Amino acid sequence: MAATALDSEITKSDKYSILLPTYNEKENLPIIIWLIVKYLDNTDYDYEVIIIDDGSPDGTLDVAKQLQKIYGSHKIVLKPREKKLGLGTAYIHGIKHATGNFIIIMDADLSHHPKFIPKFIDLQREHDYDLVTGTRYVDEGGVYGWDFKRTRGLRCYEIYFRVLLQWWQKQLKTATHSNIKFKFTIYKKLYKKDILQKLIDSCVSKGYVFQMEMIIRARQLDYTIGEIPITFVDRVYGESKLGGSEIFQFAKALLYLFATT
Amino acid sequence: MTKLLEWISVISAVFAVWYSIVGGYVKHPIIDNNISIILVSPIIFVILFGLYAATVVLYRVFTFNNCEEAAKELQAEIAEARKDLLDKGMKF
């Protein structure tokens, strides 16, 4: 009896810190915040959104300040940085200021819809996973607005990734969910805070590759991983930050992980 | 063991077998009759693997789920969000 009471006490005190690193996202930021509030205020979950703006020249920070005024500083927390310092350090910066015991990482570009967040949380609670990741490959998951070239690029990368890094790998513990052994998941994720901290400490790469390395490290460290099918709608506003040089960086970083992990 | 070491050990094991056959260290009538195929077998293997990879990529490109609905839903929600935020005093 006492244990049950204690459990519910812990559950009640769970808090989710959503980290939103931004760079030139003044169009997307208000929408994504509005959507997060819409879908999370429907639930009893306690949360905060931490906006980490890397000195965007388009005035993203001003937009963030307006949003903070509307929704309150307990919900919208601003932790801007002077200049563009990259995704990896943005997460470290965000975790330092997070008051929740769970961390949710997502892009601010609307391609990851906040309606999936409660599903992430529910699945984590149900199985006590160390982390939950989104996938576009099972059930109703998928993408919108990608042309042939881009889909082909992604699919080529998957093969490259799989051949180099996951050829003889044992299957991940994903319970009822599909086998993520062969998946190239770099998308929205929910982490236990201490797990994320440990993962970040064990990672060496930066930028986009950082997220990829995290999933590789998670497997090495034998963390339990849950999976939620998500849809990916290509960005409505602004330019994609995944250009030719990033793709080259990706390839290089994969080779590096190949040689070191 | 890193992935690189795993690769090196598997490739060298396969190479050792191939070289012992091609180099004439192992004698067998089957080997003698098929020596030309065995000689080029690594190239054949690489080509087959390339074909396999290309097929998988194309198959997956064409079976990728296109979420028309999700895009429509998002557009509607963007419009709703802008309107609501304007009402709350947001300046775009």
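Bear in mind that the values in this text are calculations on the coordinates, not laboratory data. Everything quoted here is computed from the prediction, not taken from an experiment. Note that each Cβ is placed from the backbone with ideal geometry, even for glycine, and that neighbours are counted across all protein chains shown.
A simple count of charges around A:L255, restricted to other residues whose Cβ falls under 13 Å of its Cβ and scoring Lys, Arg +1 and Asp, Glu -1, yields +1.
Pairs with C-alpha atoms separated by more than 19 Å, drawn from the list A:K38/A:K119; A:K65/B:K88; A:K83/A:K198, are A:K83/A:K198.
Under a model in which nothing but the beta-carbon of Lys, Arg (+1) and Asp, Glu (-1) is charged, chain B shows a dipole of about 280 debye around its Cα centre. Applying 1/(1 + (r/R0)^6) with R0 = 35 Å to the Cβ-Cβ distance of A:L221 and B:K27, what FRET efficiency is obtained, to the nearest 0.05? FRET efficiency, A:L221 to B:K27: 0.10. Per residue of A:152-159, other chain Cβ atoms within 10 Å of the residue Cβ number 5 on average. Find, among the GluC sites (Glu not before Pro) in the range A:10-116, those assigned to loop by DSSP (not H, G, I, E, B) with at most 14 other beta-carbon atoms within 10 angstrom. Taking the range A:10-116 and a limit of 14 other Cβ atoms within 10 Å, the loop GluC sites (Glu not before Pro) found are A:E82. The range B:1-42 and the range A:28-67 have Cα centres separated by 59 Å.
A simple count of charges around A:K65, restricted to other residues whose Cβ falls under 13 Å of its Cβ and scoring Lys, Arg +1 and Asp, Glu -1, yields +2. Arranged from fewest to most other beta-carbon atoms within 10 Å of their beta carbon, B:E77, B:E6 become B:E6, B:E77. Ordering A:C203, A:C156 by the number of other Cβ atoms within 10 Å of each residue's own Cβ, fewest first, gives A:C156, A:C203.
Look at the stretch B:53-64: the mean tally of other chain Cβ atoms within 10 Å of its residues' Cβ atoms is 5. Quick check on my link table: of A:K75/A:K192; A:K26/A:K115; A:K115/A:K252; A:K26/A:K192, which ones sit more than 23 Å apart, alpha carbon to alpha carbon? The answer is A:K115/A:K252; A:K26/A:K192. Exposure proxy ranking for B:K88, A:K83, based on other Cβ atoms within 10 angstrom of each Cβ and starting from the fewest, stands as A:K83, B:K88. The alpha-carbon of B:K83 sits under 15 angstrom from the alpha-carbons of these aspartates and glutamates, leaving out residues fewer than 8 places away in its chain: A:E27.
Near the amide H of A:G226, within less than 5 Å, lie the amide hydrogens of A:L131, A:V132, A:T133, all on another chain or at least 5 residues away, with H placed in the peptide plane.
Does the range A:9-153 come out rounded, prolate or oblate by the C-alpha gyration tensor, with a ≥ b ≥ c the root eigenvalues, rounded set by a/c under 1.5 and, if not, prolate when a/b is larger than b/c and oblate if not? It comes out oblate by the Cα gyration axes. Averaged over the residues of A:95-106, the number of partner chain Cβ atoms lying within 10 Å of the residue Cβ comes to 0. Please work out whether the range A:86-136 counts as rounded, prolate or oblate from its C-alpha gyration tensor, where a ≥ b ≥ c are the square roots of the eigenvalues and a/c under 1.5 means rounded, while otherwise a/b larger than b/c means prolate and anything else oblate? Oblate, since a/c reaches 1.5 and b/c is not below a/b. Sequence-ordered 3J(HN,Hα) estimates for the range B:51-63 from the Karplus curve with 6.51, -1.76 and 1.60 and θ = phi - 60° stand at 5, 4, 4, 4, 4, 4, 4, 5, 4, 6, 5, 7, 9 Hz, glycine and proline given as x. Selection among B:A71, B:F92, B:W7 by position relative to the dipole of chain B gives B:W7 as farthest towards the positive end (Cβ unit charges, Cα centre).
Taking amide H as placed 1.01 Å from N in the peptide plane, A:G100 has its amide H under 5 Å from the amide H of A:S17, each at least 5 places away in sequence or on another chain.
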